[in-house]
1. Which pairs turn up if I take residues in the range 120-131 that are without any contact (Cβ under 8 Å) to a residue 40 or more places away in the chain and look for partners that are surrounded by 24 or more Cβ atoms within 10 Å (Cβ to Cβ) and of a type outside the set (D, E, K, R) with beta carbon separation below 6 Å, at least 6 apart in sequence or on another chain?
2. Does Ile271 count as within 17 Å of Tyr220 (Cα to Cα) and assigned to a strand (DSSP E or B)?
3. Of Phe174, Phe157, which residue is surrounded by 19 or more Cβ atoms within 10 Å (Cβ to Cβ), aromatic (Phe, Trp, Tyr) and modelled with pLDDT of 95 or more?
4. Being hydroxyl-bearing (Ser, Thr, Tyr) and modelled with pLDDT under 95 narrows it down to one of Thr259, Thr217, Thr284, Thr252, so name that one.
5. Is it the case that some residue within the range 234-241 is at pLDDT 95 or above, under 19 Å from Ile100 (Cα atoms) and in the same structural domain as Leu306 (by TED's automatic domain parsing)?
Amino acid sequence: MTDGTRALLLAFLVGMAVTPLWAARPAAQEGPPARIVHTDPATFRQLTAVHAGAGSMAFAALLDRGALTPEFNFLHRGVIPPGAGIGHHFHNLVEEMFVILDGEAQFTVDGRTATVKGPAGVICRTGHSHAIYNAGSTPVQWMNLNVSLVAGVYDAFDLEDTRAGAPLDPIPAFMTMRLDRALLRPVGTRGRGAAPMPVPTAVLSRRALGPSVFSTTWAYIDHVVVPPGASSAEQAHDAVGEAYYVLAGSGTVAISGGTPAAAPIRAGDAIPIRIGETSRFSNTGAGPLELFVMGVARDMAAKTRLLSASN
């Protein structure tokens, strides 16, 4: 082998060592149908002792890292059986929210535990600890959302504590949110202003958690219901990306920049709407189209503008 050939081979091998294989893959050409992910229990992974928790549980990632913004880590969907849970652990760079869609579970934040009835969620901010345990006799439908202070980073520090049998506070000593249709109001103020108007086609919504609750670029949690035959106004996502999870009903979503035709959606679907896109949801079913909405701001400057607007 000549010196020139050896040098070329060495340069090739060095290039292979520092270039990840996925970098050569072409970007996926996604329209709305390609990005919509449906909850399928057949794809759930079974894991035991999650964060040193009790028993085992099954879940899958519906939306992965970067689906909304670089700081967005994931939206997981799964089931927590009776006697199982996620052990007590700290997050120092990410904040995370456990949501139960039915039943009840014991939530822990910073060592304080209380029973929370679903559908509801509990946030764990950065620098704090949390856990969840199903002390009941039936499985709990569960969702998990995560955003980081640092793009591409997830962290956890396990405390080796299942929280099974933990003493319970009668009232939670931590922030909770409820997904209660009775609290919804006509869209526009998202939870503030006059009582709901008696208009059958009015889209109703509520800001369940506002920007001051979160320490990352996580901006809010909204709860929205689109009545049968109605549509939401077209929304421009100029500074905030949104992850939608369909809690109930069926309909369509139209997303700019993708397939022109509206894509069908149904209960169990997760839909990411990215910054720079517009979206519009329509109810084509016989019952309410109920949506869980997670907003993540482009950056902290955009988050600060949301905070200022909410005061």
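1. Here the result reads Cys124/His130, each pair linking the range 120-131 to a residue that is surrounded by 24 or more Cβ atoms within 10 Å (Cβ to Cβ) and of a type outside the set (D, E, K, R).
2. Working: within 17 Å of Tyr220 (Cα to Cα): yes; assigned to a strand (DSSP E or B): yes.
Considered against the rule, which asks whether it is within 17 Å of Tyr220 (Cα to Cα) and assigned to a strand (DSSP E or B), Ile271 comes out as yes.
3. On the way: Phe157 fails: surrounded by 19 or more Cβ atoms within 10 Å (Cβ to Cβ).
Answer to the selection: Phe174.
4. Working: Thr217 fails: modelled with pLDDT under 95; Thr284 fails: modelled with pLDDT under 95; Thr252 fails: modelled with pLDDT under 95.
From the options Thr259, Thr217, Thr284, Thr252, the qualifying one is Thr259.
5. Within the range 234-241, none of the residues are at pLDDT 95 or above, under 19 Å from Ile100 (Cα atoms) and in the same structural domain as Leu306 (by TED's automatic domain parsing).
The values are calculated or read from the model by the stated rules, or taken from the named source; none is laboratory data. Everything numeric here is computed off the predicted structure, so don't read it as measured data. Glycine gets a Cβ as well: all are built from the backbone with ideal geometry, and neighbour counts include every protein chain shown.
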